[in-house]
Amino acid sequence: MSTKLPVKQFGTAWLQETLHRIEALPFHEDNWSAGAKRTDRKTVDHLVKVLVQILPDDAPPPAIVPTWLGGAQAEWHRNGIDLEISANPSEPVEYFFSNGEGEREGDATADRAMLRVYAKSIV
């Protein structure tokens, strides 16, 4: 994987498992799902960089799923909380957060500080 990550984070359990799950994505397969685009490695690398910036070291690894547009989504559904962070080619990284009291979605870059708070709630 070509992602250049800070050395401090490389030892975290969530990151090691996440990189393993990313390798299972359909990088070289067009139409892996009726009309879906091939997974774009640069877009997935960008998603990993966002995760490194927001997740605490003790975060659980996310489920990683390919998106129909050629990107990937990291998601957690635990403790009554849903957190999803999606990266697609030529689009900003977006997030969705729900905790039973309300929902919020938006641009992960613009809301990076809030994403760190949301990420702590999944630990």
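The values are calculated or read from the model by the stated rules, or taken from the named source; none is laboratory data. These numbers were taken from a predicted model, which means no experiment stands behind them. FYI the Cβ positions are ideal-geometry reconstructions off the backbone, even for glycines, and counts take in every protein chain you see. Note: accessible area is taken over every heavy atom of the protein model, side chains too, but ligands, DNA and RNA are not part of it. Shrake-Rupley method; radii C 1.70, N 1.55, O 1.52, S 1.80 Å.
Just need a number here: residues in the range 105-123 that are among the basic types (Lys, Arg), open to solvent by 80 Å² or more (accessible area, probe 1.4 Å) and over 15 Å from His77 (Cα atoms). Let's see the steps before the verdict.
The first filter runs over the range 105-123 and keeps only residues among the basic types (Lys, Arg), leaving 112, 116, 120.
Within this subset, residues satisfying the condition of being open to solvent by 80 Å² or more (accessible area, probe 1.4 Å) are 116, 120.
Still in the list and also over 15 Å from His77 (Cα atoms): 116.
The total comes to 1.
Applying the selection to the range 1-18, what residues are modelled with pLDDT under 55 and either under 16 Å from Gln73 (Cβ atoms) or assigned to a helix (DSSP H, G or I) (or both)?
Let us first name the residues in the range 1-18 that are modelled with pLDDT under 55, namely 1-10.
Residues satisfying the conditions are Val7, Lys8, Gln9, Phe10.
In the range 19-37, what count of residues is obtained for those that are surrounded by 14 or more Cβ atoms within 10 Å (Cβ to Cβ), assigned to a loop (DSSP other than H, G, I, E, B) and among the charged types (D, E, K, R)? Give the derivation first.
In the first step, residues of the range 19-37 are kept if they are surrounded by 14 or more Cβ atoms within 10 Å (Cβ to Cβ); the result is 19, 21-22, 25-27, 32, 36-37.
Right, trim to assigned to a loop (DSSP other than H, G, I, E, B) and you get 25-27, 32, 36-37.
After this cut, where a residue has to be among the charged types (D, E, K, R) as well, the list is 37.
Summing the residues that are surrounded by 14 or more Cβ atoms within 10 Å (Cβ to Cβ), assigned to a loop (DSSP other than H, G, I, E, B) and among the charged types (D, E, K, R) in the range 19-37 gives 1.
Among (1) surrounded by fewer than 18 Cβ atoms within 10 Å (Cβ to Cβ); (2) assigned to a strand (DSSP E or B), there is one condition Gln73 misses while meeting the rest; what is its number?
Single failed check for Gln73: (1).
Is it the case that some residue within the range 38-57 is within 21 Å of Arg104 (Cα to Cα), within 14 Å of the chain's Cα centre (by Cα) and either open to solvent by 20 Å² or more (accessible area, probe 1.4 Å) or not aliphatic (A, V, I, L, M) (or both)?
yes
Restricting attention to the range 82-108, report how many residues are outside any strand (DSSP E or B) and in contact (Cβ under 8 Å) with a residue 40 or more places away in the chain. Let's see the steps before the verdict.
Taking the range 82-108 and keeping what is outside any strand (DSSP E or B), we get 88-93, 99-102, 108.
Applying the additional criterion that residues be in contact (Cβ under 8 Å) with a residue 40 or more places away in the chain yields 88-89, 93, 108.
Of the residues in the range 82-108, 4 are outside any strand (DSSP E or B) and in contact (Cβ under 8 Å) with a residue 40 or more places away in the chain.
Could you please give the count of residues in the range 58-70 that are in a strand (DSSP E or B) and open to solvent by 30 Å² or more (accessible area, probe 1.4 Å)? So that I can check it myself, show each step before the final result.
Filtering the range 58-70 for residues in a strand (DSSP E or B) gives 63-66.
Narrowing the set further to residues that are open to solvent by 30 Å² or more (accessible area, probe 1.4 Å) leaves 63, 65-66.
Number satisfying all stated conditions: 3.
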